[in-house]
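Trainee: Just passing along the structure, written as structure tokens.
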Amino acid sequence: MGSLSVNHLVGIKELSNEDIELIFQTADNFKSVINRPIKKVPSLRDITIANLFFENSTRTRLSFELAEKRLSADVINFSAASSSVKKGETLIDTVNNILAMKVDLVVMRHPNPGAAKFLSENVDSRIVNAGDGAHEHPTQALLDSYSIREKLGTVKGKKVVIVGDIVHSRVALSNIFCLQKQGAEVMVCGPATLIPKYIKELGVKVEHDLRKALEWCDVVNMLRIQLERMDVNYFPSLREYTMLYGLDKPLLDSLNKKIVVMHPGPINRGVEITSAVADSEQAIILDQVENGVAIRMAVIYLLAQKIKREE
């Protein structure tokens, strides 16, 4: 098995195509593990991992924790809400205090863009970015691409549209980088107020008409509206947003082809996607969740192998 070209996973930009392929091949192996009656392997029995979440998370935190435990690593969970960060301690001091307890790898979610990269340059540990503000969410992009590859056989040449709140979405940015590296065409769709001005510079198509976007694509990735990040109104009302950009079954069935429906979660049923679509045969949303564990196992395993080689 090969080795990653990076020492940390802070963003998709830093990964080579070979890195992505290696992560996918490793995830293939781990996917067979998590579908066995005994779902654990002893690969990382001597590795200690700290999960640092400075922002609320359910699925990502549970997915990472499960991936770590499936690999038999020792796991420490840290929540900023009940930590010394509230007392004014800096990020580096917090992490260095945890590392003093002999932690090998840190998985971190933080509200500030660039926090994971900053940490990777200033502390002596492997860092995995579990989402930094509205910047990047690399493991989500990897599991999304992996799910497309699993469903359609390849990512290359596929047309993928990302619909919704692009401006606040770390998932969108990481997905754009990851899909383009693998040779997919990418389009974003949503109201003009939710699409960042720089997006065309990334070589991405822009469409404001949902039907046209759906007729163009092979895969649609529906994003939720991130109301918690909005300090002003970006559209008149949720009802109007749903009328223009919500995906329902009649619209899906009216297309002249079967497209694959994805959602990174959490789903706001009845806003960006209806229950009938989320639970339909065309949706691979639960496959994404399952693949998330395999991808995170692969990332952690490959970074831990680099630690072991250095020892």
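Trainee: Let me confirm something: among SER72, SER57, which residue is under 24 Å from the mean Cα position of the chain (by Cα) and either assigned to a strand (DSSP E or B) or in contact (Cβ under 8 Å) with a residue 60 or more places away in the chain (or both)? Full working, then the answer.
Mentor: Details: SER72 fails: either assigned to a strand (DSSP E or B) or in contact (Cβ under 8 Å) with a residue 60 or more places away in the chain (or both).
Just one listed residue meets the conditions, SER57.
Trainee: Given the conditions (1) hydroxyl-bearing (Ser, Thr, Tyr); (2) at pLDDT below 95; (3) in contact with a strand residue (DSSP E or B) (Cβ under 8 Å, 6 or more places away or on another chain), report the number of the one that SER147 does not fulfil.
Mentor: Of the numbered conditions (1) hydroxyl-bearing (Ser, Thr, Tyr); (2) at pLDDT below 95; (3) in contact with a strand residue (DSSP E or B) (Cβ under 8 Å, 6 or more places away or on another chain), the odd one out for SER147 is (2).
Trainee: What residue, among those in the stretch 4-28 that are acidic (Asp, Glu) and in a helix (DSSP H, G or I), is farthest from HIS137 (Cα to Cα)?
Mentor: Per the stated criteria, the residue is ASP28.
Trainee: Also, I was wondering about something else. Kindly indicate whether VAL107 is surrounded by fewer than 18 Cβ atoms within 10 Å (Cβ to Cβ), of a type in the set (A, V, I, L, M), within 15 Å of ARG296 (Cα to Cα) and at pLDDT 90 or above.
Mentor: Criteria not met by VAL107.
Here's the yes/no breakdown for (1) within 16 Å of the chain's Cα centre (by Cα); (2) within 20 Å of ILE273 (Cβ to Cβ):
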{"residue": "ASN129", "(1), (2)": "yes, no"}
{"residue": "PHE177", "(1), (2)": "yes, no"}
{"residue": "ILE195", "(1), (2)": "no, yes"}
{"residue": "ARG211", "(1), (2)": "no, yes"}
{"residue": "LEU223", "(1), (2)": "yes, yes"}
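Trainee: Please go through the stretch 181-210 and pick out each residue that is in a helix (DSSP H, G or I) and either out of contact with any Leu (no Cβ under 8 Å at 6 or more places or on another chain) or basic (Lys, Arg) (or both).
Mentor: Let us first name the residues in the stretch 181-210 that are in a helix (DSSP H, G or I), namely 181, 192-194, 197-202, 210.
Passing the criteria: LYS181, ALA192, THR193, LEU194, LYS197, TYR198, ILE199, LYS200, GLU201, LEU202.
Trainee: Follow-up question, since we're still on this one. Looking at the stretch 270-297, which of its residues are on the phi < 0 side of the Ramachandran plot, over 20 Å from the mean Cα position of the chain (by Cα) and not hydrophobic (A, V, I, L, M, F, W, C)?
Mentor: To start, the set of residues in the stretch 270-297 that are on the phi < 0 side of the Ramachandran plot comprises 271-297.
Cutting the leftovers down to over 20 Å from the mean Cα position of the chain (by Cα) gives us 271, 274-277, 279-282.
Within the stretch 270-297, THR274, SER275, ASP279, SER280, GLU281, GLN282 qualify.
Trainee: Restricting attention to the stretch 290-311, report how many residues are modelled with pLDDT under 95 and of a type in the set (Val, Ile, Thr).
Mentor: Looking only at that region, the number is 1.
Trainee: Considering only residues that are touching a strand residue (DSSP E or B) at 6+ places or on another chain (Cβ under 6 Å) and either outside the structural domain of ARG296 (by TED's automatic domain parsing) or basic (Lys, Arg) (or both), look in the stretch 9-54 and name the one that is farthest from VAL128 (Cα to Cα).
Mentor: Ranking the qualifying residues of the stretch 9-54, first place goes to GLY11.
Trainee: State whether one or more residues within the stretch 35-45 are within 21 Å of the chain's Cα centre (by Cα) and among the polar types (S, T, N, Q). Reasoning before the result, please.
Mentor: At the first step, the residues of the stretch 35-45 found to be within 21 Å of the chain's Cα centre (by Cα) are none.
Within the stretch 35-45, none of the residues are within 21 Å of the chain's Cα centre (by Cα) and among the polar types (S, T, N, Q).
Trainee: So the check is Cβ under 8 Å with 6+ separation or different chains; which pairs have a first residue in the stretch 151-180 that's polar (S, T, N, Q) and part of a loop (DSSP other than H, G, I, E, B) and a second one that's modelled with pLDDT under 95 and surrounded by fewer than 24 Cβ atoms within 10 Å (Cβ to Cβ)?
Mentor: SER169/ALA134; SER169/GLN226
Trainee: Do you know which residues across the stretch 40-56 are over 17 Å from ALA304 (Cβ atoms) and polar (S, T, N, Q)?
Mentor: Hit for the stretch 40-56 is ASN56, nothing else.
Trainee: Now, a different point. Which residue, of GLU89, GLU14, is among the charged types (D, E, K, R) and under 18 Å from the mean Cα position of the chain (by Cα)?
Mentor: Values: GLU89 fails: under 18 Å from the mean Cα position of the chain (by Cα).
So the residue among GLU89, GLU14 that is among the charged types (D, E, K, R) and under 18 Å from the mean Cα position of the chain (by Cα) is GLU14.
Trainee: What tally of residues in the stretch 243-260 results from selecting those that are out of contact with any Gly (no Cβ under 7 Å at 6 or more places or on another chain) and within 18 Å of SER169 (Cα to Cα)?
Mentor: Filtering the stretch 243-260 for residues out of contact with any Gly (no Cβ under 7 Å at 6 or more places or on another chain) gives 243-244, 246-260.
Keeping just the survivors that are within 18 Å of SER169 (Cα to Cα) gives 246.
Count: 1.
Trainee: All but one of (1) at pLDDT below 95; (2) in a loop (DSSP other than H, G, I, E, B); (3) buried (at least 20 other Cβ atoms within 10 Å of the Cβ) hold for LEU44, so report the exception by its number.
Mentor: (1)
Trainee: Yes or no: VAL204 more than 22 Å from SER237 (Cα to Cα), surrounded by fewer than 23 Cβ atoms within 10 Å (Cβ to Cβ) and among the hydrophobic types (A, V, I, L, M, F, W, C)?
Mentor: Values: more than 22 Å from SER237 (Cα to Cα): yes; surrounded by fewer than 23 Cβ atoms within 10 Å (Cβ to Cβ): yes; among the hydrophobic types (A, V, I, L, M, F, W, C): yes.
Answer is yes for this residue.
Trainee: Looking only at residues in the stretch 230-255 that are surrounded by fewer than 14 Cβ atoms within 10 Å (Cβ to Cβ) and assigned to a helix (DSSP H, G or I), which one is modelled with the lowest pLDDT?
Mentor: Here the residue is ARG239.
The values are calculated or read from the model by the stated rules, or taken from the named source; none is laboratory data. Bear in mind that the values here come from a model prediction, so they are computed numbers and not experimental data. Here the Cβ is made from the backbone with ideal geometry for all residues, glycine too, and neighbour counts use every protein chain on show.
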